[in-house]
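Structure, as C-alpha cells:
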Amino acid sequence: MLRSLLLRDFVIVDSLELDLSGGFTALTGETGAGKSILVDALGLVLGERADASVVRAGSERADISAEFVVSRRPQAASWLAEHDLEDDADCCLLRRTVDRAGRSRAFVNGRPVTAAQLRELGEMLVDVHGQHEHQWLLRRDYQRELLDAFTGSATAAKAVASQHAGWRQLREQRLARERDRESADRERALLRDEIRDLEALSFDPARWQDEVAEHRRLAHARELIALSREALAAVDEGETNAGELLARASTQLTEAAALDPSIEQARNDLASAAALASEAAHQLRRYLQGIDEDPGRLDQLDRRLRDVHDAARRFRVEPARLAEALESRQQRFQALGGGESDEALAKQEAQAEAVYRKEAAKLSEARRSGATRLSKAVTDRLQELAMEGGRFTVRLEALPEPAASGLESVEFLVSAHAGQAAGPLAKVASGGELSRIALAIQVLLGGGAGVPTLVFDEVDTGIGGRVAEIVGSLLAELSAHHQVLCVTHLPQVAARASYQVRVSKRSEGGATLANVEPLDAPERIEEIARMLGGTRITETTRKHAAEMLEPTTPQASKMRLRNRA
C-alpha cells in the first residue's frame, strides 16, 4: 500500500507531503488544475523515463519520494532482501531525483539503484492504468498473469516454470556432453583413476595425526625406553633415588615440627614432593610396560606415510588436504555426468519433459476454460461501461516451442464498439477504454491480482450519468481488496470514494503553483457541489452533493497533508 507521497519542485508543485490510506481515494479538481500531477509523480518514482521538463521553473532539481507498506507483499519483501535493500520490515521508501540537465538518480531505502531496478520493484507494488509507461495491461506477460489469477492457476504456473527450468537444465547438460564428448570422456577417465587412487588411500585427517604420532614414537622407541628407565632409576629404583631421599627428609621434618610448628609447611611440601615422585615412578613403569620396539609396525607406518606424502605431491596439496582433493574430484566427476551413461541422462531429460508437459497441459486446460469465462464476463461488463456492443476476447495461441510460461501465449483482444474488428488493446482501445477494461478485470479477479495499489487516471473519460455511477461503484467494490487511487472529474465517481483530495492552482510571486489538500466531510460536499454545478453553487447542489455522499462514510480525517512550504 502507498503510505505517503512527497514532491519537491516537481512541475508546478513546490513542496508537499501527502499521507494516504487504504480504500478508495478520489483525486479531483477543476479542469487544468493538474489532477494527474500526483499520478505523473508516482509514475516517475516507479521508474518511468525522466527528463528536465519535470523540474519546476527556477529550481535545481525535482525530488519525489513514495513510501510503501510491504509487510503483506512477500514478493516485494523477498526482492528487497535479495538485492540487499531491506530496511524497515514493514515499509519501503522509493526516491527519484531529476536535475535541470535531465540527469536522474534512483534510490530504494536510501541506497542507489538503477531505474530498471526501480521499475522491477514498482511492478510489484503499483498498477497504473492511464497514459503512462506503467500501463501494464498492454503487456502480454501481464495479461497471462491476470488470466492465471482469474482461474486460480498462479501457483500452477509457477510450478510449470520451475519444471521447465529443470527440464532445460538437463537438456543443456546432455547437449553440452554431446558437444564436448571427447574432452569430457578424457577428463572423466582421468578423474575416475584419481578418485580410485584417493579412495584406496582411505585417508582420514583425524587418523592421519594419530598415525604420524605413532610413527614418531616407534621410530624413537629405543631412545624413549632408555631415557624412561634412567628417569625411573633416579626417581625410585636406583641405589640412591629421589623417592627415598624425599621420604627420609619428610620423616626428619616431622620430628622437627613436633619441636617447632613453624617448620610444618616445609614438612608438608616435602611430603607432597615425595607423593608426586611416587606417582611419577608409577607412570614411568606403566609407560615402559606399554612401549616396545615393533619393527613390523614401524615398517607398516613407514609405508603409510610414504604413500600419503606421495599422493600429496601428486595432487599438489598438503597431506592434511587430501580429503578435500578427493571431494573436489568427485564433484567435478558428477558435474561431467559421473558414471552415468548418456542413455541415463537422456532418460532423466525425457522424464523431466514428460512431467513438464503433463502439468503444462493441465495449465493449458485451465487457461482455455478461464479464457472463455473471462471473455464473457468482461464483455458483459463492457456493456455497462459506455462500450455497448464491445467484445472482449482472450486469445490463446500455441507456442512453437514449450516455454517457462507454458504451451501457449495469451493475448487480450477487444472490439470497443459493435461492428469494430477485435484487435490488440494497444491498437483498438483508447486510454479511457483501457482503464475501464482494466477496472472490469480487476473487479472480476476479486483481489486475486497481487499488486496492492491500483491507480486509474482516465477511467471516466467520455462517460457520465449512469455509466459514471457504475464506474464509481466498481471502484468502491475494488477497494475492498486493493488501495485504489482515481483521478476523476465526475461527481458520481468521487462520491463513492472513502477519501477525497482536491488539486487546485494558486499564483505566488508571479509563478503558478499547485495546491493539494485532503478534504473533510463539509469540504467534500462543497467539492462535489462544484463538480455538479460548476462555478455557481447553490443550496440545491449542496443538498444533492450531500445526498450523493450519504452512502460513503467520510474518513478524510485519516488523511493528512504535511510539511507544506
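Using the Cβ-Cβ distance between residue 403 and residue 300 with R0 = 45 Å, the FRET efficiency computed as 1/(1 + (r/R0)^6) comes to roughly 0.10.
Taking each residue as 0.36 nm, the span from residue 229 to residue 119 lengthens on full extension beyond its C-alpha to C-alpha distance by 31.2 nm.
All alpha carbon pair distances within the chain were sorted into 20 Å bins beginning at 0; the resulting P(r) in whole percents reads 15, 31, 18, 14, 13, 7, 0. With helices as the sole contributors, the chain gives -17000 deg cm²/dmol at 222 nm; each DSSP H run of n ≥ 4 counts as -39500 (n - 2.57), and the sum is divided by every residue. Which FRET efficiency value, to the nearest 0.05, do you get for residue 523 and residue 75 by plugging their Cβ-Cβ distance into 1/(1 + (r/R0)^6) with R0 = 41 Å? Rounded to the nearest 0.05, the efficiency is 0.60. Computed in the context of the full set of protein chains, the accessible area of the chain at 1.4 Å probe radius has 49% of its extent on carbon or sulfur. Each Lys and Arg contributes +1 and each Asp and Glu -1, all at the Cβ; summed about the Cα centre of the range 91-179, the dipole is approximately 440 debye. The Cα atoms of the range 46-109 cover 40, 17, 16 Å along the three principal axes, with the biggest extent listed first.
Here the label points at residue 178 and residue 99, each 7 Å from Cα along the C-beta direction, are separated by 5.5 nm in the simple model. With q set to 0.18, 0.20 Å⁻¹, the log10 of I(q)/I(0) for the range 342-497, from the Debye formula over equal scatterers at the Cα positions, is -1.08, -1.24. At a probe radius of 1.4 angstrom, the accessible area of the chain per residue rounds to 50 square angstrom. Normalised by residue count, the range 1-116 yields a Cα convex hull volume of 106 Å³ per residue. Candidates 476, 351, 399 compared by Cα position along the dipole of the chain: farthest toward the positive end lies 476, with charges placed on Cβ. Working from Cα pairs under 8 Å separated by at least six residues, relative contact order for the chain is 22 percent.
Rounded to the nearest 10 degrees, the angle from helix 431-445 to the longest Cα principal axis of the chain is 60 degrees.
For the range 440-494, the fraction of alpha-carbon pairs lying more than 19 Å apart is 22 percent, rounded to a whole number. Taking 0.36 nm per residue of separation and subtracting the current Cα-Cα distance, fully stretching the chain between residue 362 and residue 417 would add 16.4 nm.
Extent of the range 321-417 along its three principal axes (Cα atoms, max minus min coordinate, largest first): 78, 29, 18 Å.
Dividing the mean sequence gap of close Cα pairs (under 8 Å, 6+ apart) by how many residues the range 452-514 holds gives a relative contact order of 35 percent. Rounded to the nearest 20 debye, the dipole magnitude of the range 1-69 is 120 debye, with +1 charges on Lys and Arg beta carbons, -1 on Asp and Glu beta carbons, and the Cα centre as origin. From the residues 298, 93, 213, which one has its Cα farthest along the dipole of the chain in the positive direction, the dipole being from +1 and -1 charges on Cβ of Lys/Arg and Asp/Glu about the Cα centre? Value: 93. Shown here: the range 278-327, whose C-alpha atoms stretch 51, 23, 14 Å along the first, second and third principal axes, sorted largest to smallest. When the convex hull of its Cα atoms is viewed from all sides, the range 11-63 shows a mean projected area of 4.6 nm². Fully extending the segment from residue 240 to residue 201 would add 8.8 nm, taking 0.36 nm per residue of separation and subtracting the current Cα-Cα distance. Over the range 453-557, the ratio between the Cα radius of gyration and 2.2 N^0.38 Å evaluates to 1.10. This model, with +1 at the C-beta of Lys and Arg and -1 at the C-beta of Asp and Glu, gives the chain a dipole about its Cα centre of some 2680 debye.
The values are calculated or read from the model by the stated rules, or taken from the named source; none is laboratory data. None of the values given here were measured: they were computed from a predicted structure. Here the Cβ is made from the backbone with ideal geometry for all residues, glycine too, and neighbour counts use every protein chain on show. Note: accessible area is taken over every heavy atom of the protein model, side chains too, but ligands, DNA and RNA are not part of it. Shrake-Rupley method; radii C 1.70, N 1.55, O 1.52, S 1.80 Å.
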